[in-house]
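A quick write-up on the structure given underneath.
The values are calculated or read from the model by the stated rules, or taken from the named source; none is laboratory data. It should be emphasised that the depicted structure is a prediction, and the values quoted were computed from it without experimental measurement. Cβ sites come from the backbone with ideal geometry, for glycine too, and all protein chains shown count toward neighbours.
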There are 2 protein chains.
Amino acid sequence: MPIKLKDIAAMAKVSVATASLAMNGSPLVSEETRRRILALASVHEYTPNAMAKGLARRRSGVIGLVVPDIESAYYGKLVSCIDKNVRDAGYSMILSISNDEQAVERKIIQNFIAERVEGVLLAPVNKKTTDMTHMHLLETHKVPCVFVTSRYPQSDEPFVMVDLEEGTFRLVSYLLETGHRNIYFLCGSRDVITTSCRISGYEKAYKEKILDVNPRRFIECNRLDYDHAYETTERLLQSQSSIDAIITINDVMALAVTNAIMSSGKRVPADISVAGYDNMIFSRISPIPITTVMQDIELMSRNAVDLLFRIINSGIAETGAVMLRPELIVRESTAMKA
Amino acid sequence: MPIKLKDIAAMAKVSVATASLAMNGSPLVSEETRRRILALASVHEYTPNAMAKGLARRRSGVIGLVVPDIESAYYGKLVSCIDKNVRDAGYSMILSISNDEQAVERKIIQNFIAERVEGVLLAPVNKKTTDMTHMHLLETHKVPCVFVTSRYPQSDEPFVMVDLEEGTFRLVSYLLETGHRNIYFLCGSRDVITTSCRISGYEKAYKEKILDVNPRRFIECNRLDYDHAYETTERLLQSQSSIDAIITINDVMALAVTNAIMSSGKRVPADISVAGYDNMIFSRISPIPITTVMQDIELMSRNAVDLLFRIINSGIAETGAVMLRPELIVRESTAMKA
DNA sequence: TAGTATAATTAAAACGTTTTAAATGCGCTA
DNA sequence: TAGCGCATTTAAAACGTTTTAATTATACTA
């Protein structure tokens with residue numbers, strides 16, 4: 001029903017081939033003819049059919065992005081940045097939300113393959129969710145894939161991330177140096193790479209100061225939101241008396257911790273220090289501004305998209321990888337322990 | 001390079017036609033043949049080429065969604081819900097972020113048409129951004145379009161939204177009834193439909209109580225974030241002495257207002273009442289829980305997707321529309337004025 | 001036994017592009 | 001004038017499906 005190249009060609013009294021060449025700015029067609037064709041195309045609002053084009057060209061001009069969720073501030077920003085970079089490169093993007101569920105993720109990957117995406121950006125990263133069969137699927141179909149935000153464990157898949165181990169290491173080191181000893185960590189499941197990296201950083205900091213690491217100080221939450229962190233903190237305060245600090249995996253949770261501590265009658269940081277992660281709005285709007293670790297999401301996104309396109313264009317499964325450095329931002333929620 | 005239907009057909013010793021029919025569960029092909037073909041497809045990880053399929057079928061199986069941004073809690077949730085509903089219907093979705101910029105929005109629509117999306121969901125709606133030429137483009141290409149979150153002014157384009165006028169009307173009525181008179185409104189530009197509807201609600205409430213509406217109480221912000229609201233409130237407190245209440249267009253801003261008021265030495269709600277909109281997390285985590293208006297985003301999303309598919313499937317440009325009712329949630333940031 | 005209805009299969013066209021190789025026309029040169 | 005090279009143009013195949021109409025095989029009926 002919509003106007004097609006054949007129609008334009010007929011009107012311009014040229015062949016479809018010429019019309020196609022003209023539309024794509026080929027130097028093969030004469031200046032005069034090109035102008036005539038372009039004018040007609042514009043007048044009739046001709047819009048090439050992307051499916052036909054993709055089929056003929058054997059490339060879709062689309063890349064796929066998988067994120068576990070999109071409602072958190074962090075992933076919202078990530079998606080936004082990646083989207084921008086992908087569009088700027090002249091590509092389309094299919095965004096898919098996995099909810100960290102294996103079945104969903106598999107469906108997504110399958111859909112990506114059906115759509116013949118030219119590359120995939122994978123943000124998720126639950127050891128149990130993103131399993132080998134997904135990777136296998138992408139591999140057999142030769143779809144380049146870059147991990148962003150975290151890396152696929154024990155593999156040399158390319159990735160771009162801000163060093164989570166380093167970030168947590170620096171944060172915990174700083175806390176240890178300022179006299180904290182009992183540092184509780186509200187984290188996610190250890191199956192999630194983004195948590196396991198951080199735990200490594202935590203442990204490394206402790207070991208460097210020649211201190212034991214008490215595994216009971218890791219509190220693995222299955223939900224990473226405000227309410228859950230609040231309740232967890234309430235329970236923690238009741239069961240444990242000697243807490244020097246509580247750190248979390250993101251800023252909303254840190255805010256919840258802060259509020260829970262304060263409404264229990266204790267003070268932040270005088271009694272207990274608090275720190276978050278990501279440097280999102282929540283750490284700034286807290287009644288007591290929260291110490292956090294900043295990740296440059298924009299930079300990470302740009303690098304990830306660049307790397308992916310480098311692989312796509314070179315055709316080489318170059319095992320590039322970019323590990324960016326995080327930045328510790330000290331605010332008022334942490335202070336020297338007496 | 002990837003395996004195609006022809007390959008499967010060859011292996012099964014049937015024609016491509018039969019293979020296609022089998023893959024699509026047509027009753028025309030015998031049980032035995034179907035099984036054989038499906039088995040081969042599964043073994044060889046055959047994934048049909050969506051572009052070829054779309055081309056042959058003359059339908060892409062894709063719908064497009066435009067939102068102005070994706071980093072705010074509200075739109076994050078909206079995108080998430082719409083995505084879910086669209087996928088459940090067996091469709092793919094292209095998400096595009098317009099930044100409320102006209103040029104970008106035009107490009108997006110053009111891309112949608114190129115991709116031959118079967119329908120479009122438009123969330124934004126700035127009178128200046130979403131102009132007639134966009135709508136015209138969609139119309140000439142016969143792409144069904146449903147507005148979600150707001151409606152296109154002075155047109156009978158189908159829409160699904162939660163009544164913003166009603167929400168603000170109820171909020172302001174409640175404030176007037178509890179003795180507030182000087183109610184300031186931190187809103188967006190009047191060009192944005194979501195603001196102009198609310199202003200109408202505000203005015204309606206005033207008029208009903210037979211009070212004048214002072215236009216200087218509308219403060220049109222060009223950014224709708226925490227920092228801007230904070231600074232605006234600071235300035236407002238300095239320039240105006242008799243403020244009974246400050247209401248905002250979303251919850252982050254209301255939180256900023258609350259914090260700004262409190263750090264200026266005044267009390268909420270004793271001195272100034274505060275109210276937000278959306279019932280997002282910010283209104284709950286405030287040091288003083290904030291009165292707000294709840295919009296059922298899930299319900300709205302479901303309705304919007306349903307309506308769109310109804311139009312797509314019926315082929316009729318049915319001018320359906322759904323106006324949902326908001327709910328006023330009174331919390332501690334508002335109280336009876338002495 | 002021929003004819004017919006039914007079930008299963010298939011050939012071929014169509015979808016709207018791109019791209020390669022061939023064709024055409026034209027002005028030059030020798 | 002024949003031959004050549006160049007600039008344009010084009011025919012036709014290809015991309016991987018779906019779908020329609022035709023074909024074949026099979027069993028049943030009269």
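What number of residues within segment B:207-232 are surrounded by 11 or more Cβ atoms within 10 Å (Cβ to Cβ) and within 28 Å of residue B:74 (Cα to Cα)?
Of the residues in segment B:207-232, the ones surrounded by 11 or more Cβ atoms within 10 Å (Cβ to Cβ) are B:207-209, B:211, B:213-214, B:217-221, B:223-232.
Then keep just the ones that are within 28 Å of residue B:74 (Cα to Cα); that gives B:217-221, B:223-232.
Counting residues in segment B:207-232 that are surrounded by 11 or more Cβ atoms within 10 Å (Cβ to Cβ) and within 28 Å of residue B:74 (Cα to Cα) gives 15.
Can you give me the number of residues within segment B:114-142 that are of a type in the set (Val, Ile, Thr), surrounded by fewer than 23 Cβ atoms within 10 Å (Cβ to Cβ) and within 12 Å of chain A (Cβ to nearest Cβ)? Working first, answer last.
Initially, segment B:114-142 is screened for residues of a type in the set (Val, Ile, Thr), giving B:117, B:120, B:125, B:129-130, B:133, B:140.
This time we only want the ones that are surrounded by fewer than 23 Cβ atoms within 10 Å (Cβ to Cβ), so: B:129, B:133, B:140.
Of the ones still in play, those that are also within 12 Å of chain A (Cβ to nearest Cβ) are B:133, B:140.
Adding up the residues that qualify gives 2.
What helices (runs of 4 or more DSSP H) lie completely within segment B:1-47 and have 2 or more residues being within 40 Å of the chain's Cα centre (by Cα) and more than 9 Å from DNA strand C (Cβ to nearest atom)? Steps first, please.
On the way: elements: B:5-12, B:16-23, B:31-43.
Where helices (runs of 4 or more DSSP H) fall fully within segment B:1-47 and carry at least 2 residues being within 40 Å of the chain's Cα centre (by Cα) and more than 9 Å from DNA strand C (Cβ to nearest atom), they are B:31-43.
Tell me, yes or no, whether segment A:139-146 has at least one residue that is in a strand (DSSP E or B) and either among the hydroxyl-bearing types (Ser, Thr, Tyr) or touching a Gly at 6+ places or on another chain (Cβ under 6 Å) (or both). Quick ask: steps written out before the conclusion?
Taking segment A:139-146 first, the residues in a strand (DSSP E or B) are A:145-146.
If we keep only those that are either among the hydroxyl-bearing types (Ser, Thr, Tyr) or touching a Gly at 6+ places or on another chain (Cβ under 6 Å) (or both) as well, we get none.
Checking segment A:139-146: not a single residue is in a strand (DSSP E or B) and either among the hydroxyl-bearing types (Ser, Thr, Tyr) or touching a Gly at 6+ places or on another chain (Cβ under 6 Å) (or both).
Quick check on my filter: what residues within segment A:145-161 are touching a residue at least 40 places away in the same chain (Cβ under 8 Å), surrounded by fewer than 19 Cβ atoms within 10 Å (Cβ to Cβ) and closer than 15 Å to residue A:197 by Cα?
Once the filter is applied, which keeps residues that are touching a residue at least 40 places away in the same chain (Cβ under 8 Å), surrounded by fewer than 19 Cβ atoms within 10 Å (Cβ to Cβ) and closer than 15 Å to residue A:197 by Cα, segment A:145-161 yields only A:153.
Determine which member of the set A:196, A:150, A:155, A:173 is hydroxyl-bearing (Ser, Thr, Tyr), part of a helix (DSSP H, G or I) and within 21 Å of the chain's Cα centre (by Cα). Don't jump to the end; show me each part of the working.
Values: A:150 fails: part of a helix (DSSP H, G or I); A:155 fails: part of a helix (DSSP H, G or I); A:173 fails: within 21 Å of the chain's Cα centre (by Cα).
That would be A:196, the only listed residue that is hydroxyl-bearing (Ser, Thr, Tyr), part of a helix (DSSP H, G or I) and within 21 Å of the chain's Cα centre (by Cα).
Filter segment B:42-82 down to residues that are buried (at least 17 other Cβ atoms within 10 Å of the Cβ) and more than 10 Å from DNA strand D (Cβ to nearest atom), then give me how many there are.
23
Just the residues that are in contact (Cβ under 8 Å) with a residue 40 or more places away in the chain and β-branched (Val, Ile, Thr), please, taken from segment A:70-107.
Within segment A:70-107, A:82, A:86 meet the criteria.
Pairs needed: first member in segment B:29-50, closer than 20 Å to residue A:136 by Cβ; second member anywhere, within 9 Å of DNA strand C (Cβ to nearest atom); C-beta distance under 7 Å; at least 6 residues apart or different chains.
Correct list of pairs: B:40/B:12.
If you go through segment B:172-191 one residue at a time, how many are β-branched (Val, Ile, Thr) and touching a strand residue (DSSP E or B) at 6+ places or on another chain (Cβ under 7 Å)? It would help to see each step written out before you state the result.
First, the residues of segment B:172-191 that are β-branched (Val, Ile, Thr): B:172, B:178, B:183.
Right, trim to touching a strand residue (DSSP E or B) at 6+ places or on another chain (Cβ under 7 Å) and you get B:172, B:183.
Qualifying residue count for the region: 2.
Got a number for residues in segment A:55-104 being aromatic (Phe, Trp, Tyr) and in a helix (DSSP H, G or I)?
Filtering segment A:55-104 for residues aromatic (Phe, Trp, Tyr) gives A:74-75, A:91.
From the residues that got through so far, the ones that are in a helix (DSSP H, G or I) too are A:74-75.
Qualifying residue count for the region: 2.
Could you say which residue among A:201, A:179 is at pLDDT 95 or above and among the small types (Gly, Ala, Ser)? Can you show your working first?
Working: A:179 fails: at pLDDT 95 or above.
Only one candidate qualifies: A:201.
I'm trying to understand the selection: among the residues of segment B:48-74, which are within 12 Å of DNA strand C (Cβ to nearest atom) and either closer than 30 Å to residue A:79 by Cα or in contact with a helix residue (DSSP H, G or I) (Cβ under 7 Å, 6 or more places away or on another chain) (or both)?
Listed by number, the residues that qualify are B:49, B:51, B:52, B:53, B:54, B:55, B:59, B:60.
Find the helices (runs of 4 or more DSSP H) located wholly in segment B:233-327 whose residues include 1 or more that are surrounded by fewer than 18 Cβ atoms within 10 Å (Cβ to Cβ) and basic (Lys, Arg), and list them. Full working, then the answer.
Numbers: elements: B:251-263, B:281-285, B:297-314.
Hits in segment B:233-327: B:281-285, B:297-314.
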